[in-house]
Every structure is written in structure tokens, then in C-alpha cells.
Amino acid sequence: MERRYASHPNEVKRFDTERLRQEFHIPKLFTPDQLELVLTHEDRMIVGGAAPVNEAVKLEVDLKELGVAYFLERRELGAINVGGPGIISVDGTDYELNTKDCLYVGMGSEEVLFKSKDAANPAKFYLNSAPAHKEFPTAKTTLAEAESGALGSIENSNDRTIHRFIHENGLQSSQLVMGMTQLKTGNMWNTMPAHVHPRRMEAYMYFDLPEEAVVFHLMGEPDETRHIVMRNEQAVISPSWSIHSGVGTSNYTFIWGMAGDNKAYSDMDAVPMKHLK
């Protein structure tokens with residue numbers, strides 16, 4: 001598990017492209033039959049992926065990194081499948097997940113295994129984990145069952161659908177919030193006008209991007225913005241003081257995950273367009 005440290009906006013404004021990517025960009029999430037994890041000190045979120053192909057992948061790390069007896073002793077987990085049909089086994093109970101299905105795994109679950117149903121079309125489980133102070137039951141939801149709503153317009157190139165999986169009115173959690181946003185064909189912008197939410201950090205994972213397409217992910221203080229070039233199935237860490245928005249060379253889908261002081265999706269501080277620099 002890779003470790004990333006928290007950063008101050010006064011420091012980040014001096015970063016060049018390479019340093020920005022070192023601190024915030026997560027280029028590799030899915031390695032066949034392996035677990036890829038990044039621990040960020042931004043609210044101690046863990047971002048990663050499990051890509052079982054020929055064998056099960058177990059949720060485990062060097063426990064000295066977390067100071068516990070097993071991964072979810074003091075944590076909770078959200079997993080969204082962005083590949084073929086798969087199975088997540090939690091303490092012996094199997095949950096089948098098709099593409100874009102979500103599973104919440106509660107604190108106290110000791111053994112978590114990720115499996116694919118077909119090695120020729122393997123599952124890819126995108127993972128977010130946050131510290132937890134209360135146990136909630138493991139539960140699954142599908143894309144069709146999620147609370148969904150339309151946002152944006154074709155005139156602003158941001159006609160999109162937001163699906164909320166783990167949130168106040170959906171799968172219950174201690175602090176983790178997760179969902180998915182799908183941009184319609186011909187639309188490229190997400191989350192613009194931008195916002196910040198000083199009470200929560202956030203991570204994005206962009207996928208459903210054509211091979212040659214990219215997303216220019218915008219970050220930084222509203223009056224001191226930077227960008228990171230993102231490709232398919234890559235993630236980016238957004239500190240609580242930073243905007244998090246992007247524009248692609250194609251439409252795309254992205255998964256957002258948050259951790260912090262509350263679970264209110266609408267708790268955000270809007271940034272007027274005239275304040276962006």
C-alpha cells in the first residue's frame with residue numbers, strides 16, 4: 001500500500017506537473033490478480049482497486065500500516081464494479097456484482113475476497129475505504145436501485161446523470177459517501193461551476209474513456225487552479241480546500257467518493273465563475 005501525505009494550498013501552488021501527479025494522481029488501479037491501494041492522509045481515505053482474473057484477491061495489507069488486527073477492524077469499505085460480472089465474499093457470504101453495481105462492507109468484517117465469474121471478462125472493483133466509528137450492515141445496490149437525478153444541460157456541455165449509492169438516503173455508512181456520474185454523449189464538463197467542501201475530502205475515478213481520450217482534471221484553490229491530465233481508469237485525490245472538476249475530449253463516467261465530518265451530499269460551498277483563476 002502506497003502512502004500519500006496531506007498538503008497545504010500554499011505549498012501546492014508551487015508544484016510543477018510532476019510533483020502534482022506524484023501527490024494527487026493515482027495512475028494504476030487494476031493489476032491482474034492483485035490489490036492496488038493508496039492511503040492518503042486527507043481524512044485517511046484509502047483509494048484502490050482489486051482485479052481478480054484467475055484467482056481471488058484478498059483485502060489485506062501489512063497491518064502495521066493501519067495498527068489493527070485486520071483491514072476492516074476500524075474501517076468501512078465501498079466497492080463499485082467497473083468490469084465484468086464478479087463476486088465479493090464477505091465473511092463467507094457471496095454478493096454478486098454486475099458492472100456499475102455497488103457493495104458497502106461494514107466495519108468488523110474480517111475476510112473480504114474479490115472474484116471474477118469469467119476470466120475472459122474479469123471484474124474490476126474500484127475501492128474507497130474510510131475510518132469508521134460505528135458498524136453498519138454490509139449491503140448491495142444496483143445502478144437501477146440508486147437514487148438518481150439529472151443535472152446540467154446540453155447548452156453547457158454538462159448534461160449528466162448522478163447516481164448516489166452510499167449516502168444519507170441510500171446504503172448507510174459511518175462517514176463514507178460514494179456515487180457515480182455519467183455524462184451523456186456530446187457532453188464533456190463535470191462539476192462546473194465548481195465548488196469546495198472544507199468538511200470533506202473527495203476522490204474521483206474516471207472510466208468509460210476511449211483509449212486516446214483524456215480528462216483535464218482541475219484542482220487547487222479557486223483563485224489558484226492547476227490541472228492534471230487523467231486517462232481511463234485512473235483516480236485523483238482532492239483535498240478539502242480544492243475544487244474538483246474536469247473536462248474531457250469525450251464523454252465519460254466517473255466515481256466520486258468522500259470522507260469527512262458529514263454525509264450530506266449537498267453540503268458544498270459554491271464558487272462563482274468570476275472567482276476562478
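For segment 127-197, a crude dipole built from +1 on the beta carbon of Lys and Arg and -1 on the beta carbon of Asp and Glu, taken about the Cα centre, is about 120 debye to the nearest 20. Extension gain, residue 250 to residue 69: 0.36 nm times the residue separation minus the Cα-Cα distance gives 60.7 nm. Only Lys, Arg, Asp and Glu carry charge here, each on its Cβ (+1 for the first two, -1 for the last two); on that basis segment 120-277 has a dipole of about 120 debye about its Cα centre. Straightening the chain between residue 44 and residue 270 buys 78.9 nm, computed as 0.36 nm per residue apart minus the Cα-Cα spacing.
The residues of the chain expose on average 43 square angstrom of accessible surface per residue, using a 1.4 Å probe on protein heavy atoms. Annotation: extensible slack from residue 134 through residue 227 equals 29.8 nm (criterion: 0.36 nm per residue apart, minus Cα-Cα distance).
Working note: Karplus 6.51/-1.76/1.60 with θ = phi - 60° gives segment 187-199 the couplings 10, 10, 8, 10, 6, 9, x, 7, 8, 10, 9, x, 8 Hz, where Gly and Pro are set to x. With contacts taken as Cα pairs under 8 Å at a separation of at least 6 residues, the chain carries a relative contact order of 17 percent.
Across q = 0.21, 0.23 Å⁻¹, segment 2-100 modelled as identical point scatterers on its alpha-carbon atoms has Debye log10 I(q)/I(0) values of -1.20, -1.33, in the order of the q list. Highest GNM mean-square fluctuation among 43, 62, 267, for the chain modelled with Cα contacts below 10 Å: 62. The equivalent ellipsoid that matches the C-alpha gyration tensor of the chain spans semi-axes of 28, 21, 18 angstrom, in descending order. Semi-axes of the equivalent ellipsoid of segment 43-112 are 21, 13, 12 Å, computed as sqrt(5λ) over the eigenvalues of the C-alpha gyration tensor in descending order. Hull volume per residue, based on the alpha-carbon atoms of segment 129-193 and their convex hull, is 104 Å³. Note on the chain: GNM, Cα springs under 10 Å; of 182, 22, 172, the largest mean-square fluctuation is that of 22. Nonpolar atom fraction for segment 165-277, defined as the carbon and sulfur part of the 1.4 Å probe accessible area, stands at 50 percent.
Here residue 115 is the anchor, and the lysines within straight C-alpha reach of less than 17 Å, apart from those fewer than 8 places off in the same chain, are 58, 100, 124, 140. Segment 241-277 and segment 108-183 have Cα centres lying 17 Å from one another. The charge dipole of the chain, taken about the Cα centre with unit charges on the Cβ atoms of Lys, Arg (+1) and Asp, Glu (-1), comes to about 500 debye, rounded to the nearest 20.
Taken over the alpha carbons of segment 175-277 as equal point scatterers, the Debye sum produces base-10 log I(q)/I(0) values at 0.13, 0.22, 0.23 Å⁻¹ of -0.43, -1.20, -1.28.
The values are calculated or read from the model by the stated rules, or taken from the named source; none is laboratory data. Since we're looking at a predicted model, the values are computed, not measured. Reconstructed Cβ throughout: ideal geometry from the backbone, glycine too, with neighbour counts over all protein chains shown. SASA here: full protein model, heavy atoms, side chains in, ligands and nucleic acids out. Shrake-Rupley method; radii C 1.70, N 1.55, O 1.52, S 1.80 Å.
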